[in-house]
Amino acid sequence: MRFTKDHEWVEVAGDVATIGVTAYAAEQLGDVVFVELPQVGKTVKVGDNLAVVESVKAASDVYAPIGGEVVAVNEVLTSEPETVNAEPEAAGWFARLKLSDPGAVDALMDRHQYDAFLETL
Amino acid sequence: MSQPFKRTPLYEAHVAAGARLVEFGGYEMPVQYRDGVLKEHLWTRAHAGAFDVSHMGPAFLTLDRKSGDADADHRAVAAVIEPLISGDIASLKPGQIRYTLLLNEDGGIVDDLMIGRPVWPSRQGMLYIVVNAGAKEGDFARIQRGASGVATLARADDRALIAVQGPDAAGVVAGFFPEAAELTFMTHRRIDHAGEGCVVARCGYTGEDGYEILIRAPACVDFWDRLLADERVRPIGLGARDSLRLEAGLPLHGHDIDETTSAVEGDLSFAIAKPRLKAGRLRGSERMARELAGDLSRVRVGLRVLEGAPAREGAQIAAADGAVVGRVTSGGFSPSLGAPIAMGFVPPALAEPGTALKVIVRGKPQAAEVAGLPFVPHRYVRKV
């Protein structure tokens, strides 16, 4: 699993990446009450808006940590948005992307680097 | 560098309780504690929440020279404040509190506030006033200017103001202030606690029964700690305070109402003193009379968002045919209803509960309908 400074995680299998938000992000967001997922088939570049997470209080953007085409979204989040809080780094995934450049994931932080980054916040 | 934001006397207690702090009204305030907004909200509806609202603006307006005739002195101090506000203060009974509006020359709402008349004959000629945090410097200056030479405004915002709200609030507060049980909704009195003279008011801004307690800073930390030691009570941040008042259908100044909004547009006509309106002796009388007669372009309504994301402040409201007809002024997710709700302004022809509308969130129209306010029934205690 790889991580961004915006607190997204990426797990790559072949040329498909699963994307979600980290446990830290889920904690900061508070209770998630609504998730807006991207359309399957949409192509995103790094930093594009991928999804929107809403808590009682506020809406927060989730950015694409890596570029590609959306091939699947986690429909569970539509009916059970609280899954983001319960299992942020597993069942609470947001979308799967077919990567345009699978090697780009290597530029992201590994768990050790991300943990060190959290220490600085 | 100097501290950029003010802190309430309970700041250290909030930090120790794991609060997440944000800037609000110039103060560093807890937006939530460890439970988070959703659980804090539901706890308040089911049990009792304790809120630090010391950032608000409590003050006392007192006649410079009292005559000693209690009723005459009350009428005299009422006459000082009435030209600035929408409501009638002279008719308040001893101990009564009234929700009222500070108006500009056009009848626009400068702020909304509470004004109370003391119970005791010896204290007549004084009013207890509580204004909003964000507007208090301007409000206080405006009131003092209006009172100049006749009465003096003494700020009390160095004290702590603590709200206890929820179905268990009465039981909790009676443990500290037994006489508080005799108060009904929108009344107050001075009650001593552990040698401290406190102002205890049965009111709040959550739709629940509850109290707001003004207590001097040195005593407030002990009081707060003892409140929270009661298992029925949890500390509640501004996040849940906002979702509670939204469910209660209560407007938030600076969002749902502001200097461009009249009391009629804001659906706050109950706060207009009708005799003074008829006599043209109210700021914005002409405008409000016209609006009450039907010449009204917009009115505040509740909205239930029937699909999709919560519609928040700034989202457009459209008629069924897609034409934009208004704007959301506050909105979010209702923890009690498990669905998004909002308030906003629409033309009166579209203000009937049940009217089908759209809210536009991130460019997408979502089904919504006008809902009667409050969204969640008030549980005020009007009889004891």
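Each value in this text was obtained by applying a stated rule to the coordinates, not by laboratory testing. Given the structure is predicted, the values throughout are model-derived calculations rather than measurements. Virtual Cβ from ideal backbone geometry, glycine too; neighbours counted across all protein chains shown.
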Looking at this structure, is A:GLU36 closer than 30 Å to B:LEU337 by Cα, of a type in the set (Asp, Glu) and away from chain B (no Cβ under 14 Å)?
no
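What tally of residues in the stretch A:39-50 results from selecting those that are touching a residue at least 24 places away in the same chain (Cβ under 8 Å) and either more than 21 Å from B:GLY363 (Cα to Cα) or within 11 Å of chain B (Cβ to nearest Cβ) (or both)? Even if it seems obvious, please write down each step before you answer.
Step one: list which residues in the stretch A:39-50 are touching a residue at least 24 places away in the same chain (Cβ under 8 Å), which gives A:39-44, A:46, A:50.
From what's left, either more than 21 Å from B:GLY363 (Cα to Cα) or within 11 Å of chain B (Cβ to nearest Cβ) (or both): A:46.
Within the stretch A:39-50, residues that are touching a residue at least 24 places away in the same chain (Cβ under 8 Å) and either more than 21 Å from B:GLY363 (Cα to Cα) or within 11 Å of chain B (Cβ to nearest Cβ) (or both) number 1.
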Being within 14 Å of chain B (Cβ to nearest Cβ), among the charged types (D, E, K, R), under 30 Å from B:PRO30 (Cβ atoms) and surrounded by 21 or more Cβ atoms within 10 Å (Cβ to Cβ) is true for just one of A:GLU54, A:GLU80, A:GLU27, A:GLU8. Which residue is that?
A:GLU54
The condition from (1) in a strand (DSSP E or B); (2) within 14 Å of chain A (Cβ to nearest Cβ); (3) under 25 Å from the mean Cα position of the chain (by Cα) that B:VAL359 misses is numbered (3)
From B:GLY197, B:GLY204, B:GLY149, residue being surrounded by fewer than 19 Cβ atoms within 10 Å (Cβ to Cβ) and touching a strand residue (DSSP E or B) at 6+ places or on another chain (Cβ under 8 Å)
B:GLY197
Which ones in the stretch B:5-46 are under 16 Å from A:LYS57 (Cα atoms) and part of a helix (DSSP H, G or I)?
B:VAL37, B:LEU38, B:LYS39, B:GLU40, B:HIS41, B:LEU42
If you scan the stretch B:302-346, which residues turn out to be assigned to a loop (DSSP other than H, G, I, E, B) and either without any contact (Cβ under 8 Å) to a residue 12 or more places away in the chain or β-branched (Val, Ile, Thr) (or both)?
B:ASP321, B:ALA323, B:GLY338
The stretch A:57-73 - residue that is surrounded by fewer than 22 Cβ atoms within 10 Å (Cβ to Cβ) and either within 14 Å of chain B (Cβ to nearest Cβ) or within 27 Å of B:ARG20 (Cβ to Cβ) (or both) and, of those, farthest from the chain's Cα centre (by Cα)
A:ALA58
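Restricting attention to the stretch B:251-266, report how many residues are away from chain A (no Cβ under 14 Å) and surrounded by fewer than 20 Cβ atoms within 10 Å (Cβ to Cβ).
Residues in the stretch B:251-266 being away from chain A (no Cβ under 14 Å) and surrounded by fewer than 20 Cβ atoms within 10 Å (Cβ to Cβ): 4 in total.
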